[in-house]
Amino acid sequence: MNRRYLLMSGAALALVPGMALAHGPSRQKITLTTEVAAEPAEVWAVIGNFQDMSWHPAVVSQEGQGGNEIDATRMLYLSDAGADGPKIDEILYKYSAEKMSYSYRITEVAVEVLPVTNYSSHLTVMPRDGGGSVVEWRGAFYRGYPNNDPPPELNDEAAIAAVSAVYQAGLDALVERFGAPAS
């Protein structure tokens, strides 16, 4: 076949109704922040250890290896059932005690537990103007169902709602622990 025939055939197919090629899911991104009365170093002392997420109310227990070194791992257990219950496996890929931030990825989670795929997150503590701290939790992920026409529990909205709820619960726990800053 000559090149002209291939180009014309492709152009003709593009004009046929219903032949449009569907695309897959879009990467979703969310950022939630909260302000607390405690100074950044005090907040970082609680949330800055990748191996200890006991400050988050959804985490019943955890285990891990590698401390705060790059490629450290942790398993977060979300019920008393331990390894038989819902859990999330994560790996650390960036850590800066100086900048009070770290970044991690989920390596394994059932979509029934958290309806996402290809999830990465960044947690940081910053000074707040007027005293106290700002805690920022950012995430990027795809929905739990990677193909077109996902079921409602695995669509973009479900993924955004689930991750937002996880972040908000953790940030609320920090406000409860450290108090809100004075206006």
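The values are calculated or read from the model by the stated rules, or taken from the named source; none is laboratory data. Bear in mind the structure is a predicted one, so any value in this text is a computation, not a measurement. When we count neighbours, we look across all protein chains shown, and the Cβ atoms used for this are built from the backbone with ideal geometry, even at glycine.
Which pairs do you get when a residue that is closer than 20 Å to H56 by Cα, found in region 135-151, comes within reach of a residue that is basic (K, R), reach meaning Cβ atoms under 8 angstrom, with the pair 6+ apart or on two chains? Matching pairs, first to second residue: R138/K29; G139/K29; A140/R27; A140/K29. Among the numbered conditions (1) at positive phi; (2) at pLDDT 95 or above, the only one that D149 does not meet is (2).
When the test is whether a residue is in contact with an Asp or Glu (Cβ under 9 Å, 6 or more places away or on another chain) and either exposed (fewer than 14 other Cβ atoms within 10 Å of the Cβ) or over 18 Å from Q28 (Cα atoms) (or both), S101 passes it. Among residues that are crowded, with 17+ Cβ neighbours inside 10 Å and modelled with pLDDT under 95, P181 is included. Just one of the listed residues (T107, T117, T124) is crowded, with 20+ Cβ neighbours inside 10 Å and in contact (Cβ under 8 Å) with a residue 12 or more places away in the chain, namely T124. So, V134, is that one at pLDDT 95 or above, surrounded by fewer than 18 Cβ atoms within 10 Å (Cβ to Cβ) and within 22 Å of I30 (Cβ to Cβ) or not? It is true that V134 is at pLDDT 95 or above, surrounded by fewer than 18 Cβ atoms within 10 Å (Cβ to Cβ) and within 22 Å of I30 (Cβ to Cβ).
Taking residues in region 44-68 that are in a helix (DSSP H, G or I) and modelled with pLDDT of 95 or more, and partners anywhere that are crowded, with 18+ Cβ neighbours inside 10 Å and among the aliphatic types (A, V, I, L, M), the pairs with Cβ atoms closer than 6 Å and at least 6 places apart or on different chains are W44/M100; W44/V125.
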